[in-house]
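Every number in this text was worked out from the coordinates using simple rules, so none of it is lab data. Remember, it's a predicted structure, so these values are computed and weren't measured experimentally. All Cβ positions, glycine included, derive from the backbone under ideal geometry; neighbour counts span all protein chains shown.
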Amino acid sequence: MEEDYSPPREDEEYFTCPHCGIFGEQQWEELTSGEFPLENHPKLCRCWRCKRISLWFGGMMIIPATGGAPPPSPDLPESVRADYDEARAVAGRSRRAAAALLRVAVENLCIHLNGPQRNLDEHIGLLVAKGLAEETAEMFDAVRLVGNNAAHPIDRIGLDERPEIVQTLFWLVNEIARDVITRPKQRAAATAWIPPEERARIAARNRKAIEKLERSRDTGVEPTDVPDQGKDA
């Protein structure tokens, strides 16, 4: 996902166009009718760059049906991208449906990473135990909580009053993909040249450091910081 992606919002002068995908100026026009009084007039929004229009009503983008959600990260597994695209397809008509589908997408991503577990909450806890950063875990939980809320009759989060929450969920799923798939893949590619024997030495060094730290915790004695003689720093 582009770093400068700005989700479309009603009456905003600048955001990322749902058609051309470029951040730019938006021009608004309210549609009125002399014959039929409307409490909430539909609005047209025209992108200054590509000149294509979107149709809005009641604070929601109706056309295109994606609701302005960004495309999925290309690094997401195919099945997860399918869930994400289905959420995009209904976002302009039903925020609750989009939120529930994004929760499904995140759970399928967890299955891809962890294998089958009992539920999404357990999945996230297991990822944290494996070393997932708390900031990333919080993004998983945000999608989980809003998705759970969307599947129940009582709206405890306020999706109707705060439509931007669902737009943020799309951003969160792509950020999750970047943290757990894209960046590790990039790091692995950048360090692929390290020789196997050096990787083995590094692994042994790390194990030794962990064991020393654990012993110090057991004995209450701080580990000594003396480098091994005859070895490169």
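Computed over the chain, the per-residue total of -39500 (n - 2.57) for DSSP H runs of n ≥ 4 gives a 222 nm mean residue ellipticity of -15000 deg cm²/dmol, rounded to 500. Mind checking which of Arg81, Arg187, Arg46 has the largest fluctuation in a GNM of the chain, springs on alpha carbons under 10 Å? Among Arg81, Arg187, Arg46, the largest GNM mean-square fluctuation belongs to Arg187. Between helix 134-150 and the chain there is an angle of about 40 degrees, using the helix long axis and the longest principal axis of the Cα atoms.
The relative contact order of the chain comes to 13 percent, based on Cα pairs under 8 Å that sit 6 or more residues apart. Among the GluC sites (Glu not before Pro) within segment 127-211, those in coil by DSSP and having at most 14 neighbouring Cβ atoms inside 10 Å are Glu161.
In loop segments of segment 107-216 as defined by DSSP, the chymotrypsin sites (Phe, Trp or Tyr not before Pro) with at most 12 further C-beta atoms inside 10 Å of their C-beta are Trp193. Taken over the chain, the alpha-carbon convex hull comes to 192 cubic angstrom per residue. Principal axis analysis of the Cα atoms in segment 115-179 yields extents of 37, 25, 17 Å, listed in decreasing size. Under the combined filter of DSSP loop state and at most 14 neighbouring Cβ atoms within 10 Å, segment 21-120 retains these GluC sites (Glu not before Pro): Glu35, Glu39. Cβ distances below 4.7 Å define possible disulfide partners, and in the chain the cysteines left without one are Cys45, Cys110.
Rounded to the nearest 10 degrees, the inclination of helix 78-91 to the longest alpha-carbon principal axis of the chain is 30 degrees. Result for the chain in a Gaussian network model with C-alpha springs under 10 Å: among Ala203, Ala142, Ala91, the largest mean-square fluctuation is at Ala203.
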